[in-house]
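The structure appears below as structure tokens.
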Amino acid sequence: MTQESVPMGRRAEAAAEPAAAGARTAPIPLKATHPTSTMITWGAVGLGYSLIAGSFARLTVPAEIATLLPGAAMVWYALRPTTAHFPPPAPLTRRTTMAWAAVGVAFGVWELYAAARGSTHAHPTLSILMRPLIDPPPARAAGYVVWLLTGVWMVRR
């Protein structure tokens, strides 16, 4: 028997414990399922919304509203008591937390310095660096798709 064939972790522990009668079970993250009509409908709505929102000019009131509306809907969905959530991940170690904190602080210092200096070519902000990638409307629409999918994933956590 090899190490890969031995079931380990939360999924194996959850499978070993019988579920209580009538208790809802948490969905398994990234489980391949057949798409239902509801999934297809919401996918089409999200894609259409992304195409429309991607056509708005950057940093305008319509673009801000197009970002705010689904964000508010996701917050409402996350706060509903009937929303199924994935089981929580294992807590981060101190070493991992410190590494990500260092990356976050370095990014924050870079952005503040670039903003204070006026975002020169030598020290640009992230928005200046990303402008060529997100200027075309199809790229912004793809960004909205990624943003919506990430939001749904985070809400389910």
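The values are calculated or read from the model by the stated rules, or taken from the named source; none is laboratory data. No experiment lies behind these values; they were computed from the predicted model shown. Please note: Cβ atoms are built from the backbone with ideal geometry, for glycine as well, and neighbour counts cover all protein chains shown. Each accessible area value is taken on the protein alone, full model and side chains, heavy atoms only, with ligands, DNA and RNA left out. Shrake-Rupley method; radii C 1.70, N 1.55, O 1.52, S 1.80 Å.
Summary of values
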{"item": "Selection status of Arg140, modelled with pLDDT under 80, closer than 20 Å to Leu69 by Cα and within 22 Å of the chain's Cα centre (by Cα)", "result": "no"}
{"item": "Residue list for segment 42-63, restricted to those being of a type in the set (A, V, I, L, M, F, W, C) and farther than 13 Å from Gly143 by Cα", "result": "Trp42, Ala44, Val45, Ala57, Leu59, Val61"}
{"item": "Test for Ala66: is it touching a residue at least 40 places away in the same chain (Cβ under 8 Å) and over 12 Å from Ala141 (Cβ atoms)", "result": "no"}
{"item": "Subset tally (residues that are among the aliphatic types (A, V, I, L, M), assigned to a helix (DSSP H, G or I) and either in contact with a Gly (Cβ under 8 Å, 6 or more places away or on another chain) or open to solvent by 60 Å² or more (accessible area, probe 1.4 Å) (or both)) for segment 78-101", "result": "2"}
{"item": "Every residue from segment 103-134 that is modelled with pLDDT of 85 or more and not in a helix (DSSP H, G or I)", "result": "none"}
{"item": "Some residue of segment 145-157 being among the basic types (Lys, Arg) and either in a loop (DSSP other than H, G, I, E, B) or out of contact with any Lys or Arg (no Cβ under 9 Å at 6 or more places or on another chain) (or both)", "result": "yes"}
{"item": "For Glu64: the one exception among (1) charged (D, E, K, R); (2) over 25 Å from Val145 (Cα atoms); (3) open to solvent by 100 Å² or more (accessible area, probe 1.4 Å)", "result": "(2)"}
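Per-residue answers, yes or no, for (1) modelled with pLDDT under 60; (2) among the β-branched types (Val, Ile, Thr); (3) over 19 Å from the mean Cα position of the chain (by Cα); (4) loosely packed, with under 10 Cβ neighbours inside 10 Å:
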site: Glu13; (1), (2), (3), (4): yes, no, yes, no
site: Thr41; (1), (2), (3), (4): no, yes, yes, no
site: Ser55; (1), (2), (3), (4): no, no, yes, no
site: Leu68; (1), (2), (3), (4): no, no, no, no
